[in-house]
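A short write-up of the structure that comes next.
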Amino acid sequence: MEILKRRGYETIAVGNTDYFSIAKEVGYADGVYSFIPEEEFDLKVIISFEGNVKPFPEKREWIVKHYLNSLGLGEEFSTKLPIKPVQDSPLKGKVVIHPSSGSKKKNPPLEVFLKLKDFLEERGKEVVFLLGEAEEHLREVLSPHFLSLSPLEIAKHLKTAGFYVGLDSGISHLASYLGVPSFIVYGPTDPLVWRPIGDKVFQISLNLDCSPCFPNVCEERMCLDTEEVLRKTKETLLRYWNSL
């Protein structure tokens with residue numbers, strides 16, 4: 001949408017209106033609808049198996065490159081979402097951990113994040129768990145936490161974070177797109193295909209021979225082994241801190 005706006009189009013986003021409210025906030029979408037309006041359009045981008053852009057690439061390539069190539073759009077795009085932050089956010093300057101994703105197959109044991117919180121606090125970092133609709137049931141377990149059901153509100157608060165740790169999820173893609181240093185754990189999904197947009201992305205994977213395998217995930221899920229994921233995440237964080 002950013003590229004199309006630059007080309008002079010008026011852009012209408014159709015789909016999840018909660019998420020597309022972010023596009024409207026930053027000026028990439030002129031209108032947001034949950035249905036396709038009955039009017040003529042110069043260009044329609046339909047991302048579906050029946051549309052003009054297939055939802056997934058046929059080969060292992062970055063999903064963003066797949067979308068742009070499908071439409072013949074090779075122009076540069078911004079790697080940081082120009083959204084205004086909430087200045088007095090409770091997330092400001094803190095380590096934000098998002099402990100879940102849209103699929104349980106991608107989620108390691110919660111123990112990973114509890115131990116990671118201890119590791120970070122031992123090094124003087126303030127930690128806040130970010131909870132959305134899929135994590136409401138964890139509000140009594142994870143503290144302190146910030147709960148929001150609004151992607152736009154989350155974006156404005158998350159923009160202020162010191163850095164972010166999460167899984168291969170929509171919130172993780174949002175964090176990196178906001179310019180927040182983002183440490184993202186991949187288990188059964190493909191880090192090459194699902195790399196987020198952003199200049200400060202640190203992808204963490206055990207790189208097992210059997211990965212990636214999503215959605216046909218085995219019961220053992222050694223790619224999300226608690227101790228190994230913790231070890232590699234800590235190593236990545238320490239390398240980042242030492243480079244500052």
Report summary line: Expressed in angstrom and rounded, the centroid-to-centroid distance over alpha carbons for the range 104-124 and the range 178-244 is 13
Report summary line: Helix 111-122: inclination vs the chain longest Cα principal axis, degrees, rounded to 10, gives 70
Query raised in the report: Mind listing the phi-derived Karplus ³J(HN,Hα) values for the range 137-148, rounded to whole Hz, using 6.51, -1.76 and 1.60 with θ = phi - 60°, and x for any glycine or proline?
Result: 5, 9, 5, 7, 9, 9, 9, x, 9, 10, 10, 8
Query raised in the report: Accessible area, 1.4 Å probe, largest first: how do 104, 94 sort?
Result: 104, 94
Report task. Could you give the size of the charge dipole of the chain about its Cα centre, using +1 on the Cβ of each K and R and -1 on the Cβ of each D and E, expressed in debye and rounded to the nearest 20? Result -> 760
Query raised in the report: Once the Cα gyration tensor of the range 115-244 is diagonalised, what are the square roots of 5 times its eigenvalues, in whole Å and ordered largest first, as equivalent ellipsoid semi-axes?
Result: 22, 18, 16
Report summary line: Once phi for every residue in the range 97-106 is put through the Karplus expression 6.51 cos²θ - 1.76 cosθ + 1.60 (θ = phi - 60°), the whole-Hz ³J(HN,Hα) values, with Gly and Pro written as x, are 10, 10, x, 8, 8, x, 9, 4, 5, 9
**Report entry** Histogram of C-alpha separations across the range 168-244, 5 Å bin width, %
**Finding:** 3, 16, 24, 23, 20, 10, 3, 1
Query raised in the report: Hey, in the GNM for the chain with a 10 angstrom Cα cutoff, which one of 106, 200, 232 fluctuates hardest?
Result: 232
**Report entry** Efficiency of FRET between residue 216 and residue 140 - r from beta-carbon atoms, R0 41 angstrom, step 0.05
**Finding:** 0.75
Query raised in the report: Between residue 126 and residue 84, what FRET efficiency comes out of the Förster formula 1/(1 + (r/R0)^6) with R0 = 22 Å and r the beta carbon distance, rounded to 0.05?
Result: 0.45
Query raised in the report: Expressed as a rounded percentage, what relative contact order does the chain have, with Cα pairs under 8 Å and six or more residues apart?
Result: 17
Query raised in the report: Relative contact order for the range 120-174: what is it in percent, counting Cα pairs under 8 Å that are at least 6 residues apart?
Result: 23
Report summary line: The correct ranking of 145, 66 by accessible area at 1.4 Å, largest first, is 145, 66
Query raised in the report: Please report, for the Cα atoms of the chain, the Rg to one decimal and the Dmax as a whole number; what are they, in angstrom?
Result: 18.6, 59
Requested in this report: List, in order, the whole-Hz ³J(HN,Hα) value for each residue of the range 5-13 obtained from phi through the Karplus relation with A = 6.51, B = -1.76, C = 1.60 and θ = phi - 60°; use x for Gly and Pro.
Outcome: 4, 5, 7, x, 6, 8, 10, 10, 9
Query raised in the report: Build a GNM of the chain with springs between Cα atoms under 10 Å: which of 40, 121, 220 gets the top mean-square fluctuation?
Result: 40
Query raised in the report: Cα gyration tensor of the range 143-185, axes a ≥ b ≥ c as square roots of the eigenvalues: rounded (a/c below 1.5), prolate (a/b > b/c) or oblate?
Result: rounded
Query raised in the report: Mean residue ellipticity at 222 nm from the helices of the chain, using -39,500 (n - 2.57) per DSSP H segment of n ≥ 4 over the full residue count, to the nearest 500 deg cm²/dmol?
Result: -8500 deg cm²/dmol
Query raised in the report: For the range 143-237, what's the relative contact order in percent, using C-alpha pairs closer than 8 Å and at least 6 residues apart?
Result: 22
Query raised in the report: If you build a Gaussian network model of the chain, linking Cα atoms that sit under 10 Å apart, which residue out of 25, 76, 61 swings the most?
Result: 76
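The values are calculated or read from the model by the stated rules, or taken from the named source; none is laboratory data. Only a predicted model underlies this, so the values are computations on that prediction, with no experimental measurement involved. All Cβ positions, even for glycine, are placed from backbone atoms using ideal geometry, and neighbour counts span all protein chains on display. Each accessible area value is taken on the protein alone, full model and side chains, heavy atoms only, with ligands, DNA and RNA left out. Shrake-Rupley method; radii C 1.70, N 1.55, O 1.52, S 1.80 Å.
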